[in-house]
Amino acid sequence: MLKAKNIQVYQNRRLVLTDLSLTIKTGEFWGIVGKNGVGKSTLLQTLAGLLPLERGTIAVEGYDLQTLDSISRARKIAYLMQEQEASLAFTVEQAVEMGRYPWLESPHNQQAITDEILSLCRIDDLRNRSILHLSGGERRKVEIATCLAQQADYLLLDEPFNHLDVVYKKFILQRFKALSQSQAVVMVCHDLETVANHCSHVLLLLGKECYLAGDSATILSPGNLERLFNDSD
Amino acid sequence: MQVRQWLRKPWLWAFLLLVALLFSVLVGSVSVPITEIFDKSTITYNIVWQLRLPRGLNAMLVGSCLALSGLLIQNMVKNPLADPYLLGVSGGAATCQLLVIMLGLSLSAEALFLVGFVGSLLATLWVLKLSYHGRLDASKVTLNGVVMAFGFAAVISFMLSLADGQQIRSMMFWLMGDLSFADPSWLMALLLFISYALLRRQHTALDLLARGELFARKSGVNAERLNLMVFILTALLTSMAVAQAGTIGFVGLIIPHIVRLLVGYQHRHLLPVTLIAGALFLLIADTLARTVLSPIQLPVGIFTAIIGVPVFLYLSRRM
């Protein structure tokens, strides 16, 4: 269980969410919806334990995220950034291997898991290419694969379908759905239709002090959607 | 691909280093036949064992320190133009050591080493403190480091314009870097080895850090602790090199780039090869500096650039 209680979220010292509580359980597939700048990405980073928390608590399986050591945290929570800066010329295989960092001390067969993830994400053929020389969509696939290689219980994905073609989007969405049977998946997504059709739960961010959370059918009711589209603040 | 596999083997580099060291003790204003190296009855025995070998070892140690700290700092501030002198390290050391020379205090080489070391460490800590607001800001480090370097350069120029002719000669030579100044220090070798061992243990984490701090943190790296360790080691390695041999330019800038082109981006390969390649590079440059116009000894900084620039340009076209 990933449990946020009364958290206050800041983005570069600007208060974006004043008091939010949320409980994410294994077996749930969450969609986070809201307008630009409402704090979706900041919330996701906060839930991933990557931002300091000034008020409230976040606990994963009962452990406080702020005091949990970084390896244990990364074994529990994987986070996909919205945009990953293209940096150095690592190969695709090396990049995906990096997702194994929290498990390096464990007795797993790292190479076998990396291979498995590469073929699972259908990027086997890119294995030896430099990540600098990939297209935007191919790079996104590598980032998703890196995230999956982490084998965490909670997947926090920030706009995972950016740059992806429709075929791959459909494919990887099914993967996420399958994963959410045994793990928990939370994704920020601007495509309301995808969220409505595939997510079991929705967090609808309407403003600083206004959010709705619950199962998707209830939250994405016509009345609530009207609020999303009509709210001018 | 095949060539790259070979270039990743540290023992190959170690072998080249050994050959270079042997060559460097044989050549010079007096050339020594290889058969006389172990012959105690000859005068050349002293030249080899008391002059050239210590100087060669010194070049190797200083070269390793500079190359390794260059690798670290380029990784950390994500700027390919960064070099070990970025953090104001050299300026701090130079200012303190020149001040001591100018005041006419006759200190032993070890004491001067210590003065330079303390000076550079203080300068580095100052730059870091200026760039630390809750967490270390890499772009601020770069900017503050460059600004501090200008400040120190002004102080150094001021001292040079006050110094008399005799002092200026020794100060200038020191500013351009001079490997004959001090004997190789065992303490330095030990600290270099410890630094290398600490870094080697973190080679995967360093790979992740190279892809961005947020990426490293989300993947489970304790980035704050790693950054702190890297900063302390950079300051330590550069301070030792500067205190030992003055500011020898270009090694810390160019060697990490050359090694990346040769072995790729993983620190598993980068760390050992950079360590040895730095030693090899400065040893060759210094051997040339004292033999090309022998018996005149030229500043080694000239040759680090003369060799480094064409090698880099060639490799960046080929690889």
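Laboratory data are not the source of any read-out in this text; all were calculated from the coordinates shown. These figures come from a predicted structure and were not determined experimentally. Cβ atoms come from the backbone with ideal geometry, glycine included; neighbour counts cover every protein chain shown.
With only Lys, Arg, Asp and Glu charged, each at its Cβ (+1 for the first two, -1 for the last two), find how big the charge dipole of chain A is about the Cα centre; round to the nearest 20 debye.
In debye, rounded to 20, chain A gives about 140.
If each residue's Cβ is checked for other Cβ atoms within 10 Å, how do B:48, A:60 rank with the fewest at the top?
So the ranking, lowest neighbour count to highest, is B:48, A:60.
Checking the table A:40/A:169; B:9/B:140; A:35/B:140 against a 31 Å threshold on Cα-Cα, which pairs fail?
The answer is B:9/B:140; A:35/B:140.
When the dipole is taken about the Cα centre of the protein assembly as shown, and only Lys, Arg (+1) and Asp, Glu (-1) are charged at their Cβ, what size is it in debye, to the nearest 20?
440 debye
Based on other C-beta atoms within 10 Å, arrange B:274, B:247, B:204, B:287 from fewest to most. It would help to have the intermediate numbers written out before the result.
Working: B:274 27, B:247 21, B:204 18, B:287 24.
Least crowded to most crowded, the residues run B:204, B:247, B:287, B:274.
Just want the answer: with Cβ charges of +1 for Lys and Arg and -1 for Asp and Glu, which residue in A:189, A:136, A:148 is farthest toward the dipole's positive end in the range A:114-197?
A:136
How big is the gap, in Å, between the Cα center of the range B:106-122 and the Cα center of the range A:155-233?
The distance from the Cα centre of the range B:106-122 to that of the range A:155-233 comes to 62 Å.
Rounded to the nearest Å, what's the spacing between the alpha carbon centres of the range A:64-105 and the range B:245-305? Just the number, please.
Using only Cα atoms, the two centres lie 34 Å from each other.
Could you pull out the trypsin sites (Lys or Arg not before Pro) across the range A:1-86 that fall in loop regions by DSSP (anything but H, G, I, E, B) with no more than 10 other Cβ atoms inside 10 Å? Please list the in-between numbers first.
On the way: sites: A:3, A:5, A:13, A:14, A:25, A:35, A:40, A:55, A:73, A:75, A:76; in loops: A:13, A:25, A:35, A:55.
Counting only loop positions with at most 10 other Cβ atoms within 10 Å, the trypsin sites (Lys or Arg not before Pro) in the range A:1-86 are A:13.
Based on the mean of other beta carbon atoms within 10 Å per residue, what is the order of A:144-150, A:213-219, B:76-82, most packed first? It would help to have the intermediate numbers written out before the result.
Numbers: A:144-150: 25.0, A:213-219: 15.3, B:76-82: 17.6.
My ranking of the peptides, most packed first, is A:144-150, B:76-82, A:213-219.
Determine, for A:72, B:106, the number of other Cβ atoms within 10 Å of each Cβ, and report the residues in order from fewest to most. Intermediate results must be reported in sequence, preceding the final value.
On the way: A:72 14, B:106 8.
Exposure proxy ranking, most exposed first: B:106, A:72.
Over the range A:2-230, what is the mean sequence separation of C-alpha contacts under 8 Å (at least six apart), divided by residue count, expressed as relative contact order in percent?
28 percent.
For labels at residue A:57 and residue A:19 in the simple 7 Å Cα→Cβ model, what's the distance in nm?
Here the answer is 1.8 nm between the modelled labels.
Count neighbours as other Cβ atoms within 10 Å of each site's Cβ, and list the trypsin sites (Lys or Arg not before Pro) in the range A:91-140 that are DSSP loop with at most 11 such neighbours.
Qualifying residues, ordered by number: none.
Suppose each label sits 7 Å from its Cα in the direction of the beta carbon; what would the residue B:154-residue B:291 distance come out to in nanometres?
That separation, rounded to one decimal, is 4.5 nm.
Can you tell which of B:86, B:72, B:191 shows the greatest fluctuation in a Gaussian network model of chain B with Cα springs below 10 Å?
B:191
Using unit Cβ charges (K, R positive; D, E negative) and no other charged atoms, how large, in debye to the nearest 20, is the dipole of chain B about its Cα centre?
Charge dipole, chain B, about its Cα centre: 1200 debye, nearest 20.
At residue B:268 and residue B:198, where each label point lies 7 Å from the Cα along Cα→Cβ, what is the point-to-point distance in nanometres?
2.4 nm
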